[in-house]
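> The structure under discussion is supplied below as structure tokens; questions concerning it will follow.
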Amino acid sequence: MDHPSQPSVRHFDHCPWLFADGATEEQRAAQREVQRTVGGDTGIGERCYVAESAAVFPDRLRLGDDSYIAAHAYVTGELDTGSHCTLNPFTTVRGNVVLGHGVRIGAHTSLLGFNHSMAPDRPVYRQPLTSRGIRVGDDVWIGSHVIVVDGVTIGDHCVIGAGAVVTRNLPAWSVAAGNPARVLRDRREVRGVRAAAAAPPALPGMRPDDGRTPTTRPARDPEPGAAPADNPQPAAHDRRAVWVAGAANAEAANAEAAAAGTRPDDSCTPTTRPAPDPGEPHDRRVVPVAGAADAEVAAAVGGEVADLAGIRPGGDRTPTARPAPDPRTATLAAFADTARDQAAGLLDRCWDGERYVDRPGAVPTVRAHCDAVEIADLLLGAVPEHWSTEEHIRRLSGLQDPKSGLVPEFGEPLPLADPDGFIGEGAALYHVLCVGYALDLLGPGIPHPVRGVRDMTARQLIVRLEALPWRTGAWGAGAWVDSLATAAHWNLRHDDGGDNGHGTPEALFGWLLTRADPWTGLWGSPSAEEGRLQVVNGYYRLTRGSFAQFGLPVPYPERVVDAVLDHARDARHFGPGRENACNVLDVAHPLWLCTQHLGRGADGYRSGEIRDWAERQLATVVPRWQDGRGFGFGPAAAGPGPEPGLQGTEMWLAIVWYLADLLGRSAELGYRPRGIHRPEPARQGITGLSRAGGASGS
């Protein structure tokens, strides 16, 4: 069929995947106006399209990046989507509906996340409405003319055949069809010679070998009810497809192993289909289908013949092979194994024979010794082998001045205290954190209280907080709060510590709670030159030492997620060659911290976008590991620079854990931070404050 050389708005409304490449500047401006005028509490991501002919009247709308709402769709209520989601023509989405990443909804399909009561004492039109909501996972294809009713959860990677009526929950990887919809098989099952399809498919535009690094633009939607291709190729209009070398070979190897009835790792143990989970809320028993009904169901799921009860379609009762391992899992596990194998060597590299240096040629620093302790604990579960545990403790404890409780840098004098008794800048501020946590990992903890914080009155603290450079240097202000709050944490461990009854910790949290910006959840002000860099980085340091370390919930977590995700799109700090460990950590940790209160699954606040960001970062970070050397701080000259060293390695190892945990995959690493970047709070609350705060990280 011939199309006009310049597509019209009507054309884009029905084929919105063409908009990004084919729209004129005038059409792009008109689309921005369409998005701007959508009512309700609305947030629309990058490269999205909302058809002018669609009826979009939400109470709340969060449309993830690269998503679209096509012609004549009808959207009301509350809709949250991840990235790469499509509502095709005449789709109806009403009530409370949450979609994960990569959800494709066929034309004329209805997701009805609400219901009417049916009490017999009044007419239906006078009955109250109820809503339990609909939750759809990642990588889900819902065919045309499907109806999903209120209260249903559809797991990740499901395919639902055209015309199905979904009334019960569907587990991950289900292929389902019918009225009411029944589970026909598991997508991961290997069937005959088509075993190569067993590897878990990547989301649209994602590499199969490393998670979700973008490789292609989302493919245009197939015709309603069409079958998924066995070997999907980039759409004809996609000009940016990237072939992933080696993926096909790995997939073929897994297929060959599966066909032989063995595991892909060459084990000769026969594998079988996983047994059904008896705890599933829906009926997973396979219902035999014969004759015309068989053909009807096959058509409903796109012409594929169901593999029932682990029996091959040809009647062969040989057990089907288990799905091939997720290559993303193998990537994280292999990375962690490599890091553990090389940990001792990279610590040797940063040992000058007497003390630790961040990288060869640098001068010894207190932080380098602490980073070495953190890395050895994280990867080896031991202390750096250059000294015994007792000698590490003796050397680090001996650095603390017994009178002030401060630790100066090697070769530098003890910093002078300000009039309120504490210091305002310098390496000794961070040493409160790193020396304290290194000694905490080694066993005894820091030997003396930090007396400037112990003796500070609540009034002195408020005066100091008001004087911090929140408008011009929010990072420095947040770092100061981090140091003070951490000192308060160490002081509470000492019989002669605490705060001498001044109520200073309570005053700190009271001030912070009343000064957080209710529009962003942050402290401080952005600038034209740096955007939100100072306030986001300052937020990480501030909350790490206060709310996270003391196990208290942060204020306005939804607004924090909004502000931090907006900052993460700032190309000045997250463009190619610009990311460094501070900037990535200072986004990853706030997102992780807020998700502890907001949830991470399909019903978590903007969880799809958070996971998408974490996937992209993880795919970028892990390959930066340099054998025998570890991680550099960042590619630019900021901080320690690109040369691999202890600081970069310690920080990036923690970042990898947080990114993986945002994706539910941190267990694959086999390590968990226990020091400065520990995810658990170091204590639960303080005297005078609630001890019921949710889990958080420090």
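> Has the range 608-620 got any residue that is basic (Lys, Arg), surrounded by 20 or more Cβ atoms within 10 Å (Cβ to Cβ), under 23 Å from THR81 (Cα atoms) and within 21 Å of the chain's Cα centre (by Cα)?
Taking the range 608-620 first, the residues basic (Lys, Arg) are 611, 616.
Keeping just the survivors that are surrounded by 20 or more Cβ atoms within 10 Å (Cβ to Cβ) gives 611.
From what's left, under 23 Å from THR81 (Cα atoms): 611.
Within this subset, residues satisfying the condition of being within 21 Å of the chain's Cα centre (by Cα) are 611.
For the range 608-620, residues basic (Lys, Arg), surrounded by 20 or more Cβ atoms within 10 Å (Cβ to Cβ), under 23 Å from THR81 (Cα atoms) and within 21 Å of the chain's Cα centre (by Cα): present.
> Follow-up question, since we're still on this one. Has the range 457-468 got at least one residue that is within 21 Å of ALA368 (Cβ to Cβ), out of contact with any strand residue (DSSP E or B) (no Cβ under 9 Å at 6 or more places or on another chain) and modelled with pLDDT of 95 or more?
Narrowing the range 457-468 to residues within 21 Å of ALA368 (Cβ to Cβ): none.
No: the range 457-468 contains no residue that is within 21 Å of ALA368 (Cβ to Cβ), out of contact with any strand residue (DSSP E or B) (no Cβ under 9 Å at 6 or more places or on another chain) and modelled with pLDDT of 95 or more.
> Another question, then. Which one of these is surrounded by 14 or more Cβ atoms within 10 Å (Cβ to Cβ) and touching a strand residue (DSSP E or B) at 6+ places or on another chain (Cβ under 7 Å): HIS431, HIS369, HIS392, HIS448?
Answer to the selection: HIS369.
> Check whether at least one residue in the range 423-436 is on the phi > 0 side of the Ramachandran plot and modelled with pLDDT of 95 or more, and report yes or no. Full working, then the answer.
Residues of the range 423-436 that are on the phi > 0 side of the Ramachandran plot, as a first pass: 426.
Remaining after also requiring modelled with pLDDT of 95 or more: none.
Scanning the range 423-436 turns up no residue that is on the phi > 0 side of the Ramachandran plot and modelled with pLDDT of 95 or more.
> Can you find a residue that is under 24 Å from ASN491 (Cβ atoms), over 20 Å from the mean Cα position of the chain (by Cα) and surrounded by 23 or more Cβ atoms within 10 Å (Cβ to Cβ) anywhere in the range 553-576?
Initially, the range 553-576 is screened for residues under 24 Å from ASN491 (Cβ atoms), giving 553-554.
Adding the requirement that they be over 20 Å from the mean Cα position of the chain (by Cα) leaves none.
The answer is no, given that none of the residues of the range 553-576 is under 24 Å from ASN491 (Cβ atoms), over 20 Å from the mean Cα position of the chain (by Cα) and surrounded by 23 or more Cβ atoms within 10 Å (Cβ to Cβ).
> Would it be correct to say that ARG572 is out of contact with any strand residue (DSSP E or B) (no Cβ under 9 Å at 6 or more places or on another chain), in the same structural domain as PRO642 (by TED's automatic domain parsing), charged (D, E, K, R) and modelled with pLDDT under 95? Walk me through it before giving the result.
Details: out of contact with any strand residue (DSSP E or B) (no Cβ under 9 Å at 6 or more places or on another chain): no; in the same structural domain as PRO642 (by TED's automatic domain parsing): yes; charged (D, E, K, R): yes; modelled with pLDDT under 95: yes.
Answer is no for this residue.
> Just to be sure, is VAL450 under 17 Å from ARG544 (Cα atoms) and either of a type in the set (A, V, I, L, M) or at pLDDT below 95 (or both)? Don't jump to the end; show me each part of the working.
Values: under 17 Å from ARG544 (Cα atoms): no; either of a type in the set (A, V, I, L, M) or at pLDDT below 95 (or both): yes.
No; evaluated as a whole, the condition is false for this residue.
> Then there's this: Select from the range 338-359 the residues that are under 19 Å from TRP657 (Cα atoms) and in contact (Cβ under 8 Å) with a residue 40 or more places away in the chain and write down the one among them that is farthest from the chain's Cα centre (by Cα).
First pass over the range 338-359, keeping only residues under 19 Å from TRP657 (Cα atoms): 338-343.
From what is left, the residues that are in contact (Cβ under 8 Å) with a residue 40 or more places away in the chain are 338-340, 342.
Values: THR338: 23, ALA339: 22, ARG340: 24, GLN342: 27 Å.
That would be GLN342.
> State whether one or more residues within the range 655-667 are part of a helix (DSSP H, G or I), farther than 20 Å from ALA479 by Cα and over 16 Å from the mean Cα position of the chain (by Cα).
Within the range 655-667, not a single residue is part of a helix (DSSP H, G or I), farther than 20 Å from ALA479 by Cα and over 16 Å from the mean Cα position of the chain (by Cα).
> I would also like to ask the following. Can we say THR543 is of a type in the set (S, T, N, Q), modelled with pLDDT of 95 or more and crowded, with 17+ Cβ neighbours inside 10 Å? Talk me through it step by step, then tell me what you get.
On the way: of a type in the set (S, T, N, Q): yes; modelled with pLDDT of 95 or more: yes; crowded, with 17+ Cβ neighbours inside 10 Å: yes.
The answer is yes for THR543.
Listed here are the residues, each with its yes/no results for (1) under 20 Å from TYR356 (Cβ atoms); (2) exposed (fewer than 13 other Cβ atoms within 10 Å of the Cβ); (3) of a type in the set (Val, Ile, Thr).
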{"residue": "ALA382", "(1), (2), (3)": "yes, yes, no"}
{"residue": "GLY411", "(1), (2), (3)": "yes, yes, no"}
{"residue": "LEU441", "(1), (2), (3)": "yes, no, no"}
{"residue": "TRP480", "(1), (2), (3)": "no, no, no"}
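> Can you confirm whether VAL98 is in contact with a strand residue (DSSP E or B) (Cβ under 6 Å, 6 or more places away or on another chain), in a loop (DSSP other than H, G, I, E, B) and either touching a residue at least 60 places away in the same chain (Cβ under 8 Å) or surrounded by fewer than 19 Cβ atoms within 10 Å (Cβ to Cβ) (or both)?
On the way: in contact with a strand residue (DSSP E or B) (Cβ under 6 Å, 6 or more places away or on another chain): yes; in a loop (DSSP other than H, G, I, E, B): no; either touching a residue at least 60 places away in the same chain (Cβ under 8 Å) or surrounded by fewer than 19 Cβ atoms within 10 Å (Cβ to Cβ) (or both): yes.
It is false that VAL98 is in contact with a strand residue (DSSP E or B) (Cβ under 6 Å, 6 or more places away or on another chain), in a loop (DSSP other than H, G, I, E, B) and either touching a residue at least 60 places away in the same chain (Cβ under 8 Å) or surrounded by fewer than 19 Cβ atoms within 10 Å (Cβ to Cβ) (or both).
> When only residues in the range 331-366 that are surrounded by fewer than 17 Cβ atoms within 10 Å (Cβ to Cβ) and charged (D, E, K, R) count, which is farthest from ALA667 (Cα to Cα)?
The qualifying residue farthest from ALA667 (Cα to Cα) is GLU354.
> Also: Give the residue that is modelled with the highest pLDDT, with candidates limited to residues of the range 137-152 that are under 21 Å from the mean Cα position of the chain (by Cα) and of a type outside the set (Gly, Ala, Ser). Give the derivation first.
Looking only at the range 137-152, we keep the residues that are under 21 Å from the mean Cα position of the chain (by Cα), and these are 137-140.
Going one step further and asking which of them are of a type outside the set (Gly, Ala, Ser), we end up with 138-140.
Values: ASP138: 92, ASP139: 93, VAL140: 96.
Among those residues, the one meeting the criterion is VAL140.
> Out of all the residues in the range 117-139, which are without any contact (Cβ under 8 Å) to a residue 60 or more places away in the chain and touching an Asp or Glu at 6+ places or on another chain (Cβ under 7 Å)? Please lay out each step first, then the result.
Start the filter on the range 117-139 by keeping residues that are without any contact (Cβ under 8 Å) to a residue 60 or more places away in the chain, which leaves 117-132, 134.
Matches in the range 117-139: SER131, ARG132, ILE134.
> Let me ask you something else. Restricting to the range 482-516, what's the tally of residues that are modelled with pLDDT under 95, surrounded by fewer than 24 Cβ atoms within 10 Å (Cβ to Cβ) and assigned to a loop (DSSP other than H, G, I, E, B)?
Qualifying residue count for the region: 11.
> A further question on this structure: Please return the ranges of helices (runs of 4 or more DSSP H) entirely within the range 1-57 where 2 or more residues are in contact (Cβ under 8 Å) with a residue 24 or more places away in the chain.
On the way: elements: 9-14, 19-22, 25-36.
Helices (runs of 4 or more DSSP H) meeting the threshold: 9-14, 19-22.
> Ok, one more. Give the range 582-620 a look and list any residue that's aliphatic (A, V, I, L, M), modelled with pLDDT under 95 and farther than 23 Å from HIS157 by Cβ, or say none.
LEU598
> Quickly run through the range 150-164 and pick out the residues that are part of a strand (DSSP E or B), closer than 9 Å to ARG135 by Cβ and not polar (S, T, N, Q). Before you say what the answer is, go through the steps one by one.
Start the filter on the range 150-164 by keeping residues that are part of a strand (DSSP E or B), which leaves 153-154, 159-160.
Pick out the ones that are also closer than 9 Å to ARG135 by Cβ and you get 153-154.
Scanning the range 150-164 gives a single hit, ILE154.
> Another question about this same structure. Would you mind telling me which numbered condition in (1) on the phi > 0 side of the Ramachandran plot; (2) in a loop (DSSP other than H, G, I, E, B); (3) within 28 Å of the chain's Cα centre (by Cα) PHE90 fails?
If we test PHE90 against (1) on the phi > 0 side of the Ramachandran plot; (2) in a loop (DSSP other than H, G, I, E, B); (3) within 28 Å of the chain's Cα centre (by Cα), just (3) comes out false.
The values are calculated or read from the model by the stated rules, or taken from the named source; none is laboratory data. What you are looking at is a predicted structure, and each value in this text was computed from that prediction instead of being measured. Every residue, glycine among them, receives a Cβ derived from its backbone with ideal geometry; neighbour counts consider all protein chains shown.
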